[in-house]
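Worksheet: one structure, shown below.
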Amino acid sequence: MRMNRRDFARIAVSGLAAPFLILRAPPAWTQEQSIEETARSFDRLRSLIVQYGDEVIFAEALRGPPLDRPANIKSCSKSIVALLLGAAIDRQEAPGVEARLAAVAPTIIPSDATPGVEDITLEDLVTMRAGLAATSGPEYGAWISSDDWIGYALRRPMDARPGGRMIYSTGSTHVLGAALAVATGENLLTLARERLGAPLDIEIPPWTRDPKGFYLGGNEMALSPRAMLKIAIMIRDGGRFEGEQIIPKSWVDASTMARTRSPWSGMDYGYGWFLTETGYIVARGYGGQVIAANPSRRLAVAITSDPDQPARSAGYFGDLMQFLEGPILRVAQG
């Protein structure tokens, strides 16, 4: 499935925000409001589930589909691909984050790839430090309309050295997903269903494939809010869920160490997850889709929002972060 110009126009603006840490305006609500009062003040918010410890303290579909209906989680998909990388490394299907793309999946590299692509590592891809010019923001439409998404991403010019600064790019995560498919011999849908869906007892529907048949790594996956919450609980609890180790704790620990920093939000970034000073581990998707865990405060949160409106760091996403760090965090301080 390819995106039309209207779809692209909605998505492209999501990467153009300035850091909310610098430009955030005060929210329309107060930090003293309850979770329910604050949630109802957001006209874009579709669903919210908050779990503190073992207790779900708020769960409601305020607008839109019910909590067990899959919703497009947009770029939260990137965090799911990162989890699948950890599972593949644990099973020795991929040699480690330091492995070069040319060693893991040489067949996906086009003969006319940008010089230096062969030295990009899996770690560079999962932290979005591949150095290649972005395929997100204003470049997303041209990339997603091409007949070779992997080749297009790997032919982009080098804007930075691999392993250097963060360049937010769905193309990087898509290349990582394709490399995982080659390394494991299974497509991303199968990997997601076997390694997350089955052990967590969550539904993972098929999603967009590229023209070569690779599932889009980094966008368009769908999970229900209840499934998103299970992912958040698993991350909060070091990769465990209901007594079973789903993702190795060592990978969760490594994933939640700051490796770089977003030039847009100012948030630290690990292996596919944004990190806050208040202890949140956050997956973020266009429109305001959020999977968040705060291990030290025993919190797990799932948020879905209108997927057709941008959620800038200096706008709605910034408001959601203040919601997480205000009324929601406060329940763990009582």
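Derivation of every value follows stated rules applied to the coordinates shown; laboratory data play no part. Not measured: the values here are computed from a predicted model. Glycine also receives a Cβ, built like all others from the backbone with ideal geometry; neighbour counts cover every protein chain displayed.
Structure above, values below:
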| quantity | calculated |
| --- | --- |
| Interchain or long-range residues, amide H under 5 Å from Thr260's placed H | Tyr269 |
| Euclidean distance between Cα centres, segment 58-81 to segment 262-288, Å | 17 |
| Cut-off under 5 Å, modelled amide H: who pairs with Glu186 long-range | none |
| ³J(HN,Hα), Karplus 6.51/-1.76/1.60, whole Hz, each residue of segment 201-216, x for Gly, Pro | 6, 10, 8, 10, x, x, 9, 4, 10, 7, x, 8, x, 7, 5, 4 |
| Kirkwood hydrodynamic radius (C-alpha pairs) into Stokes-Einstein, the chain, 25 °C and 0.890 mPa s, D in µm²/s | 125 |
| Taking segment 150-257 and dividing mean pair separation by its residue count, relative contact order in percent (alpha carbons under 8 Å, at least six apart) | 19 |
| Other-chain or far-sequence residues with amide H under 5 Å of Arg46's (modelled H) | Thr304, Ser305, Asp306 |
| At least 27 Å along the helix axis (C-alpha) and Kyte average at least 1.0, DSSP helices within the chain | none |
| Three semi-axes of the equivalent ellipsoid, segment 194-334, Cα gyration tensor, whole Å, largest first | 23, 20, 15 |
| Coil-residue trypsin sites (Lys or Arg not before Pro) of segment 159-265, DSSP, other Cβ within 10 Å capped at 12 | Lys212 |
| log10 of Debye I(q)/I(0), alpha-carbon scatterers only, for segment 77-220 at 0.12, 0.21 Å⁻¹ | -0.42, -1.34 |
